[in-house]
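Student: Quick one: the structure is below, and I'll ask about it shortly.
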Amino acid sequence: MRDSDPGFGESFRLGWEEWLSLPGLGLPALKAKVDTGARTSALHAFDIEPFGPANAPHVRFTVHPIPGRMDLAIPCSAEVIDRREVTSSNGETEFRYVIRSELAIGHRRWPIELTLTDRGSMAYRMLLGRQALAEDVVIVPGESFCQPLLSYDVYHSAQVATEAPARTLRIAVLSREGGSYSTRRLVEEGTNRGHVIEVIDTTRCYMAINALAPEIHYDGTRLPRFDAVIPRIGVSVTAYGAALIRQFESIGTFCVNSAEGILASRDKLHAHQILARHRIGMPATAFASSPKDTDNLIALAGGAPLVVKLLESTQGKGVVLAETKQAAQSVISAFRGLKANFLVQHFVKEAAGEDIRCLVIGSRVVAAMRRRAGSGEFRSNLHQGGTAEPVRITRTERDTAIRAARAFRLNLAGVDMLRSSEGPKVLEVNSSPGFEGIEGASHRNVAAALYDEIEKRVRPSPVRRRAKG
Ligand code: ADP
């Protein structure tokens, strides 16, 4: 649809160069050359890369709208409507992707077709060909900028992010469990939002560690650039998974959780030290490696009853309650005999077999549940027969959860805490929290909340102005 001219009978005049914008691509100001010698319009883009399913092909590309400012990169994606052979003014022929986008010049807006090319020699970021021009457009070859001037200033302001249009993202879920509830939800929710989600088996990736061009390969081919990576790294592959995420980070891909955060949260000792450093409440915890320290260790954790935890424990499997000092001594000496690493912790009795899981995304608690242990059990893990139910958390609990996730710099975290008489005590921060229990108990759409965060984080950011001179 085309707006009508305000002045009846007036023609729409264009000079040989004009300012225009492509709002659908998030390009609010571009300087274009009007070239009636060319049939189709062309956009100068970098890293042009097809993606998406064969029945809905898409193309991703980057535009540097300000000539000479390669530091400003606007990531774009669009549906491919055609692939066409185009001969440019220098006689070179190339196959180009064709996309459709809305063009805005002055007060007018209309859809046009654009071919994508990355010929570095183009002085203008865009070339406006005759196919894009209506009959009433009058080209005035001797004039520049007949239509209102725009400015590159928008790219220096927050506007470039706030007004960025929704675009199709290419997102990798790093998971070895394609069939798990969480992975299925991530694929389902992301696809519903129009994104392209690829599940990648962490252990099938291999890397070329190279300072100039870090690469990641998968099943014999080089992995493409992703807009975002959602790590779902299982405990058995933590080190390899972290190395892979580091590789994605060095390419500049947004990773929901960083390698550093995942590693720190997986190491129970390190995790407790981080929580303590950030003054986040947790049960009194002690650790030692010499067998001589047993009594002292028990005293440091506040005496019996106490909880002894194997460092490798997950799902509550290596967590033992020692009700008396003698029981504590025998559990500790048994673990020592097995050369197992463990920590000793004050037993928060008043938690009464319940704990709270808060799911933090970005800087918000998006869902929470209370887990209750089965009868005769103090561990509330669902794997130990615990049950999950919705819960209203207090402001202190919410703040504690957010602070704990932030201490590990995790954008997605499951924070487990006990309700003690002294307020919330954090037990663990999980960097690959499952969605099934918490979506079921809280009736919140956790996967959707994660995509809200990802979409926000991959928006372009403004660049600083450069001093003139
Ligand atoms: P894991 O990582 O194996 O799940 P946790 O430290 O989360 O181990 O402990 C498992 C469960 O045991 C918790 O969900 C909680 O219900 C209970 N628990 C753990 N530590 C304590 C404690 N210090 N006081 C009371 N209950 C505890």
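The values are calculated or read from the model by the stated rules, or taken from the named source; none is laboratory data. Since the model is a prediction, treat every value here as computed from it, not as a measurement. Ideal geometry is used to build each Cβ from the backbone, glycine not excepted, and the neighbour counts take in all protein chains shown. For the accessible areas, the whole protein counts, side chains as well, though only heavy atoms, and no ligand, DNA or RNA atoms are used. Shrake-Rupley method; radii C 1.70, N 1.55, O 1.52, S 1.80 Å.
Student: Looking at (1) within 20 Å of VAL308 (Cβ to Cβ); (2) at pLDDT below 95; (3) open to solvent by 20 Å² or more (accessible area, probe 1.4 Å); (4) within 13 Å of the ligand (Cβ to nearest atom), which is the only condition GLY385 fails?
Tutor: Condition (1) is where GLY385 drops out.
Student: Of all residues in segment 305-327, which are outside any loop (DSSP other than H, G, I, E, B) and more than 13 Å from the ligand (Cβ to nearest atom)?
Tutor: Applying the first criterion (outside any loop (DSSP other than H, G, I, E, B)) to segment 305-327 yields 306-310, 319-322, 325-327.
Matches in segment 305-327: LYS325, GLN326, ALA327.
Student: Considering only strands (runs of 3 or more DSSP E) fully contained in segment 60-176, which possess at least 2 residues that are under 17 Å from LEU43 (Cβ atoms)? Talk me through it step by step, then tell me what you get.
Tutor: Details: elements: 74-79, 82-87, 93-105, 108-117, 126-128, 137-144, 170-174.
Here the list reads 74-79, 82-87, 93-105, 108-117, 126-128.
Student: Sort through TYR218, TYR206 and tell me the only one that's open to solvent by 70 Å² or more (accessible area, probe 1.4 Å), touching a strand residue (DSSP E or B) at 6+ places or on another chain (Cβ under 6 Å) and not assigned by TED's automatic domain parsing to the domain that holds ASP47. Reasoning before the result, please.
Tutor: On the way: TYR218 fails: open to solvent by 70 Å² or more (accessible area, probe 1.4 Å).
Only one candidate passes the filter, namely TYR206.
Student: Which residues, taken from segment 328-355, are away from the ligand (no atom under 13 Å from the Cβ), at pLDDT 90 or above and open to solvent by 50 Å² or more (accessible area, probe 1.4 Å)?
Tutor: Those that are away from the ligand (no atom under 13 Å from the Cβ), at pLDDT 90 or above and open to solvent by 50 Å² or more (accessible area, probe 1.4 Å): GLN329, SER330.
Student: Separate question: Please go through segment 264-291 and pick out each residue that is farther than 27 Å from ALA243 by Cβ, touching a helix residue (DSSP H, G or I) at 6+ places or on another chain (Cβ under 8 Å) and surrounded by fewer than 21 Cβ atoms within 10 Å (Cβ to Cβ).
Tutor: GLY281, ALA284, ALA286, ALA288, PRO291
Student: Does VAL415 qualify as being buried (at least 18 other Cβ atoms within 10 Å of the Cβ) and within 16 Å of the ligand (Cβ to nearest atom)?
Tutor: Working: buried (at least 18 other Cβ atoms within 10 Å of the Cβ): yes; within 16 Å of the ligand (Cβ to nearest atom): yes.
Yes: the conditions hold for VAL415.
Student: Here is a further query. For LYS325, which of the numbered conditions (1) within 28 Å of ALA239 (Cβ to Cβ); (2) in contact with a helix residue (DSSP H, G or I) (Cβ under 7 Å, 6 or more places away or on another chain) fails to hold?
Tutor: (1)
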